[in-house]
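A short write-up of the structure that comes next.
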Amino acid sequence: MRLLFLLLFSAVLAAAQTLRQDADRTGVFISAAVRPAQLSEVAYASTLAREFNTLEPENDLKWAALRPDEKTVDFTQADQAVGFARVHGMKVRGHTLVWGWWNPAWLTDHPFTPQQLSALLQEHIARVMTRYRGRIFAWDVLNEAIDERGHLRSPLWYDKPGIGLAGQSTAYIEQIFRWAHAADPDARLFYNDGGGETVNAKSDAMYAMVKDFRQRGVPIDGVGLQMHMIDDLNPDFAGIAANIARFTALGVQVHITELDVALPIRADGNVRDLAGRVRQAEIYRHIAEACFSHPGCTAIQTWGFTDKYSWVRSRTNGAKGAALLFDRNYAPKPAYQALKEALAIRGLKKTISPLIQNSSGTCTVILETPCK
Ligand code: G3I
């Protein structure tokens, strides 16, 4: 049986040509955050369209990008990304309708009353979601509202001054999700955060909120686990898998939304230590496996796709980078191959599980997991 599996696995790897083909065959979203200004670069555009079945504008749907001043709503860049996806048959995730950061000064500095802020936010959500109805299938409705201790942060939307629900815990978040659902009932609505990838105080608070929302019928469909690996090359893979398991058990989907694995780099942007690339590939592989071992984990999105364009270098003052699947010349890295192999294994499990299910219902010989 093991030989059969290996033969099939080799055949699948040989037959598959791109990550996108693997993803389509397996029925998962393989996505990348994109910068519309780079879409005119042939290598950027062709790699994106060839290798990914989904994209997400990295910054262009945030308040500061869409609404630079009080009178302007500028969809130019976001439209470009969404248009590119349509031409290339890709899906689009939206990021993000509400965030405590990267808001324009006219919004944060103006002494709005809660009533005014509430009207403004509801109008914003309705306007943006209506524009992209049917074209953006999933939204990070709210980004990074919970701190590392599991307490609610204090952004303008909550209590500075808030939309009228200050001091009432997650009531303001519930309101925001209800507005989003009213604006586009078909969109999948996600809460997105970083630092709660494994089981810890932050993810406990996220879990409690999502569980409460599900029990009370508040429209939430998913949780985005960002998965930026900037300072940690020894992630707690078992904890990540357990966390994904508990969220999906609530009936929501999990998307890995901002995966990157930063390595120390030289001044020219290249990695210092080639062994780092191997470690990086293993991290991509383990995270993909943690996701793919739960049917409810349906997307892996990397935060960019070429090392040429990534937020990591500026975030680390040039000390780290090279965090993505393709190098600065668009050549695939070991991490790319690792993700491809994880996808191939998931595809193969899906294909052969029905064929090898034994009488006890357990695929012990090859998969060592219950047949589904
Ligand atoms: O648009 C201006 C441009 O006009 C100006 O010339 C240039 C000069 O620096 O700055 C440009 O704005 C930058 C913007 O990215 C667009 O490139 C901002 O300075 C910069 O702060 C901004 O950073 C982004 C950050 O979110 C804030 O929006 C990063 O690219 C983006 O990767 C990062 O993404 C966040 C996710 O949304 C949420 N999770 C964490 C993740 C990393 O911080």
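The values are calculated or read from the model by the stated rules, or taken from the named source; none is laboratory data. It should be emphasised that the depicted structure is a prediction, and the values quoted were computed from it without experimental measurement. Counting neighbours? That spans all protein chains shown, and the Cβs are built from the backbone with ideal geometry, glycine included. Ligands, DNA and RNA are stripped out before the accessible areas are found, and what is left, the full protein with its side chains, is counted by its heavy atoms. Shrake-Rupley method; radii C 1.70, N 1.55, O 1.52, S 1.80 Å.
Check each of the trypsin sites (Lys or Arg not before Pro) in segment 68-143 and keep only those in coil by DSSP with at most 11 other C-beta atoms within 10 angstrom; list them in order.
Working: sites: 71, 86, 91, 93, 127, 131, 133, 135; in loops: 71, 133, 135.
Those that pass, being in a loop and sparsely packed, are 71.
Using a probe of 1.4 angstrom, how much of the accessible area of the chain is carbon and sulfur, in percent? Please list the in-between numbers first.
Values: 8250 of 15530 Å².
Accessible surface attributable to carbon and sulfur in the chain totals 53 percent.
Give me the net charge of residue 269's neighbourhood, meaning all other residues with Cβ under 13 Å from the Cβ of residue 269; Lys, Arg count +1, Asp, Glu -1. Can you show the working numbers first?
Values: positive: 266, 272, 308, 313, 320, 328; negative: 268, 307, 327.
Once all neighbours under 13 Å are counted, the net charge is +3.
Counting alpha carbon pairs within less than 8 Å and at least 6 residues apart, what relative contact order, in whole percent, applies to the chain? Spell out each step's value before the answer.
Numbers: 682 pairs, mean separation 58.7, N = 372.
For the chain, the relative contact order is 16 percent.
In whole Hz and in residue order, list the ³J(HN,Hα) couplings for segment 332-338 that follow from phi through the Karplus curve 6.51 cos²θ - 1.76 cosθ + 1.60, θ = phi - 60°; x for Gly and Pro.
Result, ordered by residue: x, 9, x, 4, 4, 5, 5 Hz.
Please work out the average accessible area per residue across the chain, using the 1.4 Å probe convention, and give it in Å².
Working: 15530 Å² over 372 residues.
Dividing the accessible area of the chain by its residue count gives 42 Å².
Measure up 202/340; 211/320; 62/350; 211/349; 91/308; 62/320 against 27 Å on the Cα-Cα distance and list the ones that go over.
On the way: 202/340 31 Å; 211/320 37 Å; 62/350 37 Å; 211/349 30 Å; 91/308 23 Å; 62/320 25 Å.
In this structure, 202/340; 211/320; 62/350; 211/349 lie more than 27 Å apart at Cα.
Under the rule that an exposed site lies in a DSSP loop and has at most 14 other Cβ atoms within 10 Å, name the longest stretch of the chain with no GluC sites (Glu not before Pro) of that kind, not counting the sites themselves. Please report the intermediate quantities before stating the final value.
On the way: sites that count: 70, 148, 368.
The longest such stretch corresponds to 149-367.
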